[in-house]
Amino acid sequence: MARIKFIAGNWKMNTTKAVAVELAKGVAKGAPDGVQAGVAVPFVYIDAVGQAIAGSKVLLGAQDAYFEKPGAFTGEISVDMLKDLGVKFCLTGHSERRHVIGESPELISKKAHAIYGAGLILVHCIGEKLEQRDGNKTLEVCKAQLHELSSKMDDPDRLVVAYEPVWAIGTGRTATDAQAQEVHAFIRAELGRMFSTDYAARVRIQYGGSMKPDNAKGLMSQPDVDGGLIGGAALKADQFLAIVNAGK
Ligand code: PGA
């Protein structure tokens, strides 16, 4: 079954409002048919970016959300607030939230269920650290992080898994096409065991970690690589659009 490739820019804690709006307009103007492009924007610029891409094919996204309903949670942002601004997808489990901010698997799982439960597309990020890869723990780590999801997430079109080896994020060191495909195939097989093979066949599995215009085509030609989650190269519209076009 054909899966439409989904390429999302993860802007992380970058841009100013003016830069964000300019970047978003550039992406919206150049976004091609036949592939889904999205931008995961810092909270404070979501509203402005949403207006800048209104009416375009680009999906508006957030990088995080808190799992509780609105209430006394100083500093947090709820899924309802994101929906109110037109957000369509939201990340969870990004390695920077796991390993820099220190989010636990339990918290990530709660956030994942809140995002999915609100009707948004969930982009659940998983991936091993370098010492885990060197210790042959890659599949074990990915499996544990996949099990932060559950069969409550019954619509495969609203679940996206992003495989992002931590050693490849922001380092310029990309997984080879074969390394990515090996883990993506494992992820799909594990989703098949958790849900069903029909379900797993519909889930998009993105690759992330130093994906650039020059390696995007090779990675996305792999049978189980259904797009990308792009950090550094998503901060320039022309570079990001080159990657998006490589997914056509
Ligand atoms: P990178 O980041 O493309 O800069 O490696 C990817 C990510 O963290 O999502």
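Here are a few things to note about the model shown:
- Pairs, first in a strand (DSSP E or B) in the range 7-24, second open to solvent by 10 Å² or more (accessible area, probe 1.4 Å) and more than 16 Å from the ligand (Cβ to nearest atom), C-beta under 8 Å, six or more apart: Ile7/Val35; Ile7/Gln36
- Conditions (1) touching an Asp or Glu at 6+ places or on another chain (Cβ under 9 Å); (2) of a type in the set (Gly, Ala, Ser); (3) within 15 Å of the ligand (Cβ to nearest atom); number of the one not met by Ala185: (3)
- The set of residues in the range 188-215 being outside any loop (DSSP other than H, G, I, E, B), in contact (Cβ under 8 Å) with a residue 60 or more places away in the chain and within 12 Å of the ligand (Cβ to nearest atom) consists of Gln206, Gly208.
- Residue within the range 143-153 that is modelled with pLDDT under 95, of a type outside the set (D, E, K, R) and not in a helix (DSSP H, G or I) present: yes
- Within the range 200-248, the only residue that satisfies the criterion of being over 30 Å from Ala18 (Cα atoms) and of a type in the set (Ser, Thr, Tyr) is Ser221.
- Residue count for the range 216-245, restricted to those that are away from the ligand (no atom under 15 Å from the Cβ), within 13 Å of Thr174 (Cβ to Cβ) and outside any loop (DSSP other than H, G, I, E, B): 2
- Number of the condition not met by Ala112 [criteria: (1) aliphatic (A, V, I, L, M); (2) away from the ligand (no atom under 16 Å from the Cβ); (3) farther than 20 Å from Phe67 by Cα; (4) touching a Ser or Thr at 6+ places or on another chain (Cβ under 6 Å)]: (3)
- Meets criteria (within 14 Å of the ligand (Cβ to nearest atom), of a type in the set (Lys, Arg) and surrounded by fewer than 20 Cβ atoms within 10 Å (Cβ to Cβ)) for Lys248: no
- Yes/no for Lys83 being modelled with pLDDT of 95 or more, assigned to a loop (DSSP other than H, G, I, E, B) and either surrounded by fewer than 16 Cβ atoms within 10 Å (Cβ to Cβ) or more than 17 Å from the chain's Cα centre (by Cα) (or both): no
- Restricting the range 38-68 to residues that are in contact with a Ser or Thr (Cβ under 9 Å, 6 or more places away or on another chain) and either farther than 16 Å from Thr15 by Cα or not aliphatic (A, V, I, L, M) (or both), the residue that is surrounded by the fewest Cβ atoms within 10 Å (Cβ to Cβ): Glu68
The values are calculated or read from the model by the stated rules, or taken from the named source; none is laboratory data. In this text the structure is predicted, and so the values were computed from the model without any measurement. Neighbour counts are summed over all protein chains in view; Cβ atoms, including those assigned to glycine, are modelled from backbone coordinates with ideal geometry. Note: areas computed on protein heavy atoms with side chains; ligands, DNA, RNA excluded. Shrake-Rupley method; radii C 1.70, N 1.55, O 1.52, S 1.80 Å.
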